[in-house]
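Participant: Below is a structure I'd like to ask you about.
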Amino acid sequence: MPDPAKTILHAIGLQKRFGGVVAARDVDFALTEGELRCVIGPNGAGKSTFFALLAGIQPPDAGRIELEGEDITRLKPFQRVRKGLGLTFQTNRTFHAMTLRQNLDTAGRGGEEPAPFRAALTAFGLDRGLDRPVTALAHHERQWLEICMALRGRPSVLLLDEPTAGMSPVETRRTSDVLRELNSGGLSIIVVEHDIAFVRATAQMVTVLHQGAIFAEGTMAEITAREDVRAIYLGKVREETA
Amino acid sequence: MPQKRRPNPLRAAFTGPHDIGRTPPGWALMGLILLGFLLYPATASAFSATNVAYYLLNIPMALGLSLLWGYGGILSFGQVAFFAVAGYVYGVVAGNMTADPTLGSILGILAGLGAAGLLALIFGYFIFYARVAAWIVPILTLVLALLLSTFLGLTAGSAWKVGDVALGGYNGMNIPSLQIGNFIFQDYAFYYLTVATVVLCFIGLRIRVNSHRGQVLIALREDPLRTELLGYDVRLEQLVAFVIAAVLSGISGLLYVTWGNYITPSVTSLAQASLPVIWVAVGGRDSLFAVMILTFLLNQLTYVLSSAGNQYALIITGVLLVAVMLFAPEGLIPRLIELGRKALRLKEAT
Amino acid sequence: MAEIVSLLYQFGTNAAFLLLAALGLIVILGMMNIINLAHGEFMMLGAYAASAAVHRGLPFPLAVLLSAVAVGVFGIVLERLVVRHFYGRELGALVVTWGISLILSQGTLIAFGPFMAPIAIPGGALTVGVYSFSTYWLFLMAICVVLLAGLGWLYKATEFGLQARATMQNAAMARALGIRVERVYMITFGLGSALAGLSGALLAPTTSIAPFMGQQFVAPAFITVVVGGGASVIGGAIGSSSLLSLVETPVSFLMGSFWGSIALLVTALVLIRILPNGVSSLRLRRRTRGARG
Ligand SMILES: Nc1ncnc2c1ncn2[C@@H]1O[C@H](COP(=O)(O)OP(=O)(O)O)[C@@H](O)[C@H]1O
Ligand SMILES: [Mg+2]
């Protein structure tokens with residue numbers, strides 16, 4: 001069972017520049033085991049870059065990443081995945097030329113099916129019609145399939161980049177339900193999200209990124225109470241709240 | 001649920017999703033073709049059977065390129081380099097062991113395939129571990145083939161004698177036949193050896209592409225980054241496919257040199273280097289079955305054309321390649337099947 | 001002293017050869033992400049055109065210009081008929097241009113036979129100490145500088161250059177801004193072809209003119225392109241041809257030209273292992289590093 005005193009994923013002083021843009025600025029971030037964290041921030045805040053650094057898609061200019069106490073900063077993306085990172089992309093990247101089954105088999109690396117994967121597959125209603133091509137799925141089903149693919153590889157930390165983008169409110173709620181169910185089973189999850197209703201329903205803790213740096217961190221109530229956060233993120237100008 | 005683990009690989013080879021011919025009509029066609037080839041010598045002279053063996057012997061090389069390019073998305077223009085290396089190394093080893101031809105043949109085969117695989121391993125390491133852009137792989141493999149051809153052309157004279165065997169520069173090198181005990185693989189025996197090799201390579205690759213590793217190869221053709229983030233070492237998967245394809249080229253090279261007892265540097269020239277690409281592109285690169293059939297037919301065509309002294313052979317194959325790339329980029333056989341299906345559906349509808 | 005001049009001359013000759021062999025290819029690759037595998041055959045056509053013109057009494061410089069124009073026009077026709085169907089499919093483009101190269105070389109053999117009248121090497125020789133140098137190669141080195149400067153001017157200072165660079169960075173965005181991307185591609189392919197024709201004509205006096213002469217350019221031209229990378233056309237061309245010549249010159253000098261070619265291939269393999277995007281990425285890298293520090 002998860003040990004809430006244990007930090008499962010730890011980023012220390014992460015830096016990343018693209019030319020003149022600072023996409024990650026001294027990011028210190030700790031996820032405890034069994035936590036469900038939401039990362040929010042306006043477009044271009046550096047959320048996807050943060051995930052790219054965690055997954056090793058981009059090398060950081062400086063800083064360190066630890067997974068379960070082990071330094072993974074120098075590891076290649078596939079090695080990090082084998083050590084327990086599971087990840088989905090902001091734009092859906094399932095294999096379109098393949099069936100659902102082939103997508104999931106590829107994601108499984110030949111291992112046994114983990115229980116959370118089966119639970120999610122059933123909860124999303126994807127366990128039937130596995131021999132359909134991905135192109136037969138609706139947009140939100142492809143998003144769900146990609147989550148299932150990440151789960152199929154037995155991750156200890158799941159990183160989801162805007163999983164509900166383009167979903168209807170009902171589909172978004174269902175996504176939130178399944179993620180919370182997975183989390184209550186002990187899985188540690190980080191979700192990048194825009195949808196405030198989703199974040200409110202889902203997150204235990206929220207991290208706000210702004211211009212590449214961590215701007216605020218706390219519970220949803222604490223975050224929404226902060227005026228500066230509202231100013232940069234919630235789009236509310238000071239005058240309005242005053 | 002998805003996970004009944006795949007039953008037996010041989011079954012998967014004939015029912016798996018990654019090639020045409022996975023249903024009873026397809027099996028019937030394969031069976032008929034195989035039967036035809038098995039019975040052919042009964043009606044043909046040893047000379048004709050030897051010619052047909054020649055049309056068949058390039059199939060392993062073509063199948064290897066199909067695996068690499070059609071399934072893995074990695075294009076190589078230099079498969080003939082591995083063909084040549086295996087042929088030359090076999091010639092040197094077997095040619096130095098004429099006192100014990102059986103051992104010479106066996107060691108020659110092992111050394112030839114080993115050399116082709118080793119060259120691919122070293123060359124492929126630099127290319128794939130550098131994660132170069134997709135267009136660099138065909139360019140560098142082509143350069144490899146051309147430089148190999150130039151090098152082999154320079155090996156005239158006694159300085160280039162390995163033991164008893166002279167490499168011979170542009171004059172080429174004489175090579176002993178395959179021999180086990182007193183049995184020499186010639187004529188009908190060579191024909192059956194070639195048929196058996198082709199069948200084994202085909203089935204082996206069908207098993208491979210319908211296995212988990214084959215699935216991964218297709219995944220990395222579709223999206224390498226996605227595949228890496230499912231926990232696969234993309235560089236290693238690509239390198240392994242490259243080495244397999246090289247060894248298959250080597251098999252064709254061995255068949256070639258033991259067929260004609262002769263090899264020259266021209267086997268790795270620019271014109272020769274283009275041929276595997278043509279067979280695979282015209283046949284239908286992501287279908288092993290289509291590639292196998294078209295490789296046989298095109299080899300027969302060019303052989304007939306060029307032995308009639310026709311200098312248009314290269315032009316015809318060039319035009320065929322351009323036309324297929326323009327009008328049926330997925331390949332002739334997949335296009336024909338699709339047209340056939342459409343026609344059937346039309347008939348059903350009316 | 002004379003030895004140093006001689007080595008410099010060798011270095012310059014090799015660099016000029018690599019640059020001339022690769023320039024048309026680099027222009028097309030850098031702008032369009034298309035590799036023209038018929039590049040060697042385009043050079044061959046340039047040599048044929050120049051030989052035909054010279055032997056009909058045209059002065060050599062005029063023959064060279066005429067060849068460049070002729071091959072450029074030929075390139076544009078081919079782009080319209082075939083190549084434009086392969087934008088965005090780089091491997092398909094490689095394969096189809098290879099088919100074209102087979103047709104061109106074999107077609108030339110059938111149409112004009114195995115030999116074409118050679119062109120006498122223009123100019124004389126300069127002597128420094130015991131060494132003598134061909135003034136024609138010195139002229140070719142100067143031509144390389146002129147060509148590079150001309151390309152630089154074309155891309156930096158003209159309307160077409162601006163449109164071409166916009167297209168190169170983001171074709172979809174350029175299209176949205178009203179740039180006729182198709183036309184930019186067509187002209188670029190024509191320009192690359194014309195450069196191939198020009199190089200073929202210029203190198204014609206230094207070699208024998210034959211249907212399969214294009215093959216001798218394949219290895220050096222493609223290695224230069226691989227080492228140069230696609231990120232910056234002119235920077236990549238200069239960096240790669242001089243770097244490769246730096247390796248090739250001593251190796252060829254000590255061990256012969258075949259080993260010089262091998263040295264080129266090995267250098268390319270080692271370099272891509274270190275710089276997968278070619279030497280032209282060095283500049284970009286330094287720029288980002290500078291921004292960080
Ligand atoms: N590969 C890249 N090259 C250059 N700039 C990039 C790259 N990736 C992201 N950026 C820039 O970094 C900043 C952060 O981007 P991103 O992480 O995608 O933000 P978010 O996901 O929060 O919207 C943006 O200004 C973006 O333009
Ligand atoms: Mg993002």
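Participant: Inspect all residues belonging to the range B:307-320 and state whether any of them is out of contact with any helix residue (DSSP H, G or I) (no Cβ under 6 Å at 6 or more places or on another chain) and either acidic (Asp, Glu) or buried (at least 24 other Cβ atoms within 10 Å of the Cβ) (or both).
Facilitator: no
Participant: Under the condition of being closer than 21 Å to A:Phe117 by Cβ and more than 9 Å from every other protein chain (Cβ to nearest Cβ), which residue from the range A:66-79 is nearest to ligand 2 (Cβ to nearest atom)?
Facilitator: Of everything passing the filter in the range A:66-79, A:Leu67 is nearest to ligand 2 (Cβ to nearest atom).
Participant: Among the numbered criteria (1) within 13 Å of chain A (Cβ to nearest Cβ); (2) out of contact with any Phe, Trp or Tyr (no Cβ under 6 Å at 6 or more places or on another chain); (3) among the aromatic types (Phe, Trp, Tyr), which single criterion is violated by B:Phe183?
Facilitator: (1)
Participant: If you check A:Leu130 against the conditions, is it assigned to a helix (DSSP H, G or I), over 22 Å from A:Lys47 (Cβ atoms) and either more than 16 Å from ligand 2 (Cβ to nearest atom) or away from every other protein chain (no Cβ under 14 Å) (or both)?
Facilitator: Spelling it out, it is not the case that A:Leu130 is assigned to a helix (DSSP H, G or I), over 22 Å from A:Lys47 (Cβ atoms) and either more than 16 Å from ligand 2 (Cβ to nearest atom) or away from every other protein chain (no Cβ under 14 Å) (or both).
Participant: Now for a separate question. Return the residue satisfying two criteria in turn: it lies in the range A:1-28 and is within 16 Å of ligand 2 (Cβ to nearest atom) and either exposed (fewer than 14 other Cβ atoms within 10 Å of the Cβ) or aromatic (Phe, Trp, Tyr) (or both), and of such residues it is nearest to A:Asp61 (Cα to Cα).
Facilitator: A:Phe18
Participant: Just one of the numbered conditions (1) part of a helix (DSSP H, G or I); (2) among the aliphatic types (A, V, I, L, M); (3) more than 14 Å from chain B (Cβ to nearest Cβ) is not true of C:Ile103; which one?
Facilitator: Exception for C:Ile103: condition (3).
Participant: Give the residue that is modelled with the lowest pLDDT, with candidates limited to residues of the range A:182-199 that are away from ligand 1 (no atom under 14 Å from the Cβ) and among the β-branched types (Val, Ile, Thr).
Facilitator: Taking the candidates together, the pick is A:Ile196.
Participant: Test B:Gly231 against the criterion of being within 14 Å of another protein chain (Cβ to nearest Cβ) and not in a helix (DSSP H, G or I), and give yes or no.
Facilitator: Values: within 14 Å of another protein chain (Cβ to nearest Cβ): yes; not in a helix (DSSP H, G or I): yes.
Taking the combined requirement at face value, the residue satisfies it.
Participant: Looking at A:Val229, A:Val170 in this structure, which one is in a helix (DSSP H, G or I) and either within 16 Å of ligand 2 (Cβ to nearest atom) or modelled with pLDDT under 90 (or both)?
Facilitator: On the way: A:Val170 fails: either within 16 Å of ligand 2 (Cβ to nearest atom) or modelled with pLDDT under 90 (or both).
Criteria check complete, one pass: A:Val229.
Participant: Restricting attention to the range A:86-127, and to residues there that are surrounded by 20 or more Cβ atoms within 10 Å (Cβ to Cβ) and either assigned to a strand (DSSP E or B) or on the phi > 0 side of the Ramachandran plot (or both), which single residue is farthest from the chain's Cα centre (by Cα)?
Facilitator: Step by step, filter the range A:86-127, then rank; the result is A:Gly86.
Participant: A follow-up question, please. Could you give every pair whose Cβ atoms fall below 8 Å, whose first residue belongs to the range B:113-132 and is facing chain C (nearest Cβ under 7 Å), and whose second residue is in a loop (DSSP other than H, G, I, E, B), counting only separations of at least 6 or pairs across chains?
Facilitator: If the second residue must be in a loop (DSSP other than H, G, I, E, B), the pairs left are B:Ala130/C:Pro276; B:Arg131/C:Pro276; B:Val132/C:Pro276.
Participant: Please determine, by comparing only the residues of the range A:34-56 that are away from chain B (no Cβ under 14 Å) and within 6 Å of ligand 1 (Cβ to nearest atom), which one is surrounded by the fewest Cβ atoms within 10 Å (Cβ to Cβ). Let's see the steps before the verdict.
Facilitator: Taking the range A:34-56 first, the residues away from chain B (no Cβ under 14 Å) are A:34-47, A:49-50.
This time we only want the ones that are within 6 Å of ligand 1 (Cβ to nearest atom), so: A:41, A:43-47, A:49.
Numbers: A:Gly41: 25, A:Asn43: 7, A:Gly44: 14, A:Ala45: 22, A:Gly46: 26, A:Lys47: 25, A:Thr49: 23.
Going through the qualifying residues, I end up with A:Asn43.
Participant: Among the numbered criteria (1) away from every other protein chain (no Cβ under 14 Å); (2) away from ligand 1 (no atom under 16 Å from the Cβ); (3) in contact with a Leu (Cβ under 9 Å, 6 or more places away or on another chain), which single criterion is violated by A:His140?
Facilitator: (3)
Participant: Considering only the range A:58-85, state which residues are small (Gly, Ala, Ser), surrounded by fewer than 18 Cβ atoms within 10 Å (Cβ to Cβ) and part of a loop (DSSP other than H, G, I, E, B).
Facilitator: Listed by number, the list holds a single entry, A:Gly69.
Participant: Let me ask something else about it. Considering only residues that are away from chain C (no Cβ under 13 Å), among the hydrophobic types (A, V, I, L, M, F, W, C) and buried (at least 20 other Cβ atoms within 10 Å of the Cβ), which ones fall in the range B:133-180?
Facilitator: Scanning the range B:133-180 gives B:Val165, B:Ala166, B:Leu167, B:Met173, B:Ile175, B:Leu178.
Participant: Another one. Filter the range C:70-100 down to the residues that are surrounded by fewer than 19 Cβ atoms within 10 Å (Cβ to Cβ), away from chain B (no Cβ under 13 Å) and closer than 25 Å to B:Ala134 by Cβ and list them by number.
Facilitator: C:Tyr87
Participant: A further question on this structure: Could you say whether any residue in the range A:150-167 is of a type outside the set (Ser, Thr, Tyr), part of a helix (DSSP H, G or I) and at pLDDT below 95?
Facilitator: Pass one, the range A:150-167, residues of a type outside the set (Ser, Thr, Tyr): A:150-155, A:157-163, A:165-167.
After this cut, where a residue has to be part of a helix (DSSP H, G or I) as well, the list is A:150-152.
Then keep just the ones that are at pLDDT below 95; that gives none.
No, there is no match, as no residue in the range A:150-167 is of a type outside the set (Ser, Thr, Tyr), part of a helix (DSSP H, G or I) and at pLDDT below 95.
Participant: Within the range B:106-117, does at least one residue satisfy the condition of being aliphatic (A, V, I, L, M) and touching a strand residue (DSSP E or B) at 6+ places or on another chain (Cβ under 9 Å)?
Facilitator: Taking the range B:106-117 as the starting set, the residues that turn out to be aliphatic (A, V, I, L, M) are B:106-107, B:109-111, B:113, B:115-116.
Pick out the ones that are also touching a strand residue (DSSP E or B) at 6+ places or on another chain (Cβ under 9 Å) and you get B:106.
Looking for residues that are aliphatic (A, V, I, L, M) and touching a strand residue (DSSP E or B) at 6+ places or on another chain (Cβ under 9 Å), one finds at least one in the range B:106-117, hence yes.
Participant: Residues of the range C:258-276 being more than 7 Å from chain B (Cβ to nearest Cβ), surrounded by fewer than 21 Cβ atoms within 10 Å (Cβ to Cβ), assigned to a helix (DSSP H, G or I) and of a type outside the set (S, T, N, Q), which ones?
Facilitator: If the condition is that a residue be more than 7 Å from chain B (Cβ to nearest Cβ), surrounded by fewer than 21 Cβ atoms within 10 Å (Cβ to Cβ), assigned to a helix (DSSP H, G or I) and of a type outside the set (S, T, N, Q), then C:Trp259, C:Ala263, C:Val266, C:Val270, C:Ile274 are the ones that fit.
Participant: Assigned to a loop (DSSP other than H, G, I, E, B), within 25 Å of B:Ala273 (Cβ to Cβ) and in contact (Cβ under 8 Å) with a residue 24 or more places away in the chain: does that describe B:Ala156?
Facilitator: Numbers: assigned to a loop (DSSP other than H, G, I, E, B): yes; within 25 Å of B:Ala273 (Cβ to Cβ): yes; in contact (Cβ under 8 Å) with a residue 24 or more places away in the chain: no.
Against the criterion (assigned to a loop (DSSP other than H, G, I, E, B), within 25 Å of B:Ala273 (Cβ to Cβ) and in contact (Cβ under 8 Å) with a residue 24 or more places away in the chain), B:Ala156 does not qualify.
Participant: Same structure, new question: Can you tell me how many residues in the range C:4-30 are away from every other protein chain (no Cβ under 14 Å) and touching a residue at least 12 places away in the same chain (Cβ under 8 Å)?
Facilitator: Pass one, the range C:4-30, residues away from every other protein chain (no Cβ under 14 Å): C:4-17, C:19-20, C:23-24, C:27.
Filter once more, keeping what is touching a residue at least 12 places away in the same chain (Cβ under 8 Å): C:5-7, C:9-17, C:19-20, C:23-24, C:27.
Residues in the range C:4-30 being away from every other protein chain (no Cβ under 14 Å) and touching a residue at least 12 places away in the same chain (Cβ under 8 Å): 17 in total.
Participant: Quick check on my filter: what residues within the range A:200-215 are away from ligand 1 (no atom under 15 Å from the Cβ) and of a type in the set (A, V, I, L, M)? Before you say what the answer is, go through the steps one by one.
Facilitator: Taking the range A:200-215 and keeping what is away from ligand 1 (no atom under 15 Å from the Cβ), we get A:200-205.
Scanning the range A:200-215 gives A:Ala201, A:Ala203, A:Met205.
Participant: In the list C:Ala219, C:Ala204, C:Ala237, which residue meets the criterion of being under 21 Å from C:Pro61 (Cα atoms), in a helix (DSSP H, G or I), within 19 Å of the chain's Cα centre (by Cα) and among the small types (Gly, Ala, Ser)? If you could, list the steps in order and put the result at the bottom.
Facilitator: Details: C:Ala219 fails: under 21 Å from C:Pro61 (Cα atoms); C:Ala237 fails: under 21 Å from C:Pro61 (Cα atoms).
The match here is C:Ala204.
Participant: Filter the range A:199-219 down to residues that are under 13 Å from A:Arg37 (Cβ atoms) and in contact (Cβ under 8 Å) with a residue 24 or more places away in the chain, then give me how many there are.
Facilitator: 10
Participant: Which pairs have Cβ atoms under 9 Å, sit 6 or more apart or on different chains, and link a residue in the range A:12-27 that is acidic (Asp, Glu) to one that is more than 11 Å from ligand 1 (Cβ to nearest atom) and in a strand (DSSP E or B)?
Facilitator: Filtered contacts from the range A:12-27: A:Asp26/A:Gly13; A:Asp26/A:Leu14; A:Asp26/A:Gln15; A:Asp26/A:Ala62; A:Asp26/A:Gly63; A:Asp26/A:Ala213; A:Asp26/A:Ile214.
The values are calculated or read from the model by the stated rules, or taken from the named source; none is laboratory data. Note that the structure is a prediction, hence the values are computed from the model and not measured. Backbone-built Cβ (ideal geometry, glycine too); neighbour counts: all protein chains shown.
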